[in-house]
Amino acid sequence: MSTPGEPVELSKALRDFRRKWRLKFETPVWLRLVVCHGDACAPATLIDDDGHFLAIVDLGRLGIGDRWADLAVATYSLGWNYVGNWEAELLDAYGIDRDEERIDYYRRLWDAT
């Protein structure tokens, strides 16, 4: 049996702290909440005459959520607004691999509302 302040108790406290730190700051990307636009269709992204980003507009649904709530709609809207299939390019520019399950879920949710 150890008394308060002995190395065994300190070691356990440090292990608990490290475990909690990892859970808080090493959360998998798919669990990290981000600022979501809520209506991330192509017309809400303004570009200038040279094709550079200018602004995001229509922030009435702005909130916190899963990045795929926006990415699923953003890629979906490319087909409504542009000729061709640009989904892979958008996801590549964002730096994320396609997630079929989440795209399907958020697109069905979008269509239902």
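Each value in this text was obtained by applying a stated rule to the coordinates, not by laboratory testing. Keep in mind that what you see is a predicted model, and the values were worked out from it rather than measured. Please note: Cβ atoms are built from the backbone with ideal geometry, for glycine as well, and neighbour counts cover all protein chains shown.
Of the Cα atoms belonging to the range 60-113, the radius of gyration and Dmax stand at 11.2, 31 Å. Of the trypsin sites (Lys or Arg not before Pro) found in the range 77-108, none is in coil by DSSP with at most 10 other Cβ atoms within 10 Å of its Cβ.
Each peptide in 86-92, 47-53 gets a packing score, the mean of other Cβ atoms within 10 Å over its residues, and the list from highest to lowest is 86-92, 47-53.
Converting phi to 3J(HN,Hα) with the Karplus coefficients 6.51, -1.76 and 1.60 and the offset θ = phi - 60°, the range 64-71 yields 10, x, 6, 3, 6, 4, 7, 5 Hz in sequence order, with x at every glycine or proline.
Amide H to amide H, with H built 1.01 Å from N, D39 comes under 5 Å of no residue 5 or more places away or on another chain. The HN-Hα couplings worked out from phi for the range 86-101 by the Karplus form 6.51 cos²θ - 1.76 cosθ + 1.60 (θ = phi - 60°) are 10, 4, 4, 5, 5, 5, 5, 5, 6, x, 9, 7, 4, 10, 4, 4 Hz, whole numbers, x standing for Gly and Pro. Across the range 108-113, rounded Karplus estimates of 3J(HN,Hα) from the backbone phi angles (6.51 cos²θ - 1.76 cosθ + 1.60, θ = phi - 60°) give 5, 4, 4, 5, 7, 10 Hz, Gly and Pro being marked x.
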